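Scroll down for the structure; my scribbles are underneath it.
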Amino acid sequence: MIPGWMAENPGAIRTGSSEVDQILTVILSTHMFIGGFIGFTLDNTIPGTREERGLLQHDVTSDTPDVDLHYGFPFGNDLLDRLTFTRHVPFCPTFSPTLNACCRKRNNPEDGEVEMDDRV
């Protein structure tokens with residue numbers, strides 16, 4: 001909707017700075033940005049518990065042996081296992097959230113929600 005309008009009205013944004021105009025035009029013309037922004041906004045503004053919003057289902061980790069096969073890197077996994085610092089890199093398959101204080105979660109028995117532990 002917005003990217004289509006931007007395509008029909010190429011000179012609609014005039015902030016007084018051609019660089020800012022270009023940046024806004026490119027961002028607002030990108031379908032992926034618009035969809036992600038709407039999703040981000042709705043995820044963070046719609047009230048409800050994590051269970052009501054369907055987020056608890058995503059928090060459950062799978063213990064199936066196929067996880068490494070499907071989600072690991074195609075090569076180099078042996079090297080990643082030997083390098084201990086990769087346990088602290090969130091996008092590595094060896095990442096361990098239990099090692100990082102900022103990623104620990106605790107259960108709040110009052111409302112059933114999972115909260116981030118802010119202790120370091």
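The values are calculated or read from the model by the stated rules, or taken from the named source; none is laboratory data. Fair warning: this is a prediction, and the values are worked out from it, not measured in the lab. In this analysis, Cβ positions are derived from the backbone assuming ideal geometry, glycine residues included, and neighbour counts consider all displayed protein chains. Note: accessible area is taken over every heavy atom of the protein model, side chains too, but ligands, DNA and RNA are not part of it. Shrake-Rupley method; radii C 1.70, N 1.55, O 1.52, S 1.80 Å.
Okay, here's what the table says:
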{"read-out": "Search result, residues across the stretch 1-35 that are part of a loop (DSSP other than H, G, I, E, B) and more than 26 Å from the chain's Cα centre (by Cα)", "value": "ASN9, PRO10, GLY11, ALA12, ILE13, ARG14, THR15, GLY16, SER17"}
{"read-out": "Residue ID - modelled with the highest pLDDT, chosen from residues in the stretch 44-86 that are of a type in the set (D, E, K, R) and more than 19 Å from the chain's Cα centre (by Cα)", "value": "ARG82"}
{"read-out": "Every pair of residues 6+ apart whose Cβ atoms lie under 8 Å, when the first sits in the stretch 82-96 and is of a type in the set (Lys, Arg) while the second is at pLDDT below 85 and surrounded by 14 or more Cβ atoms within 10 Å (Cβ to Cβ)", "value": "ARG87/THR94; ARG87/PHE95"}
{"read-out": "Pair list, Cβ under 6 Å, 6 or more apart: the stretch 1-18 residue closer than 17 Å to GLY35 by Cα and open to solvent by less than 80 Å² (accessible area, probe 1.4 Å), other residue assigned to a helix (DSSP H, G or I) and not β-branched (Val, Ile, Thr)", "value": "ILE2/LEU28; PRO3/HIS31; MET6/LEU28"}
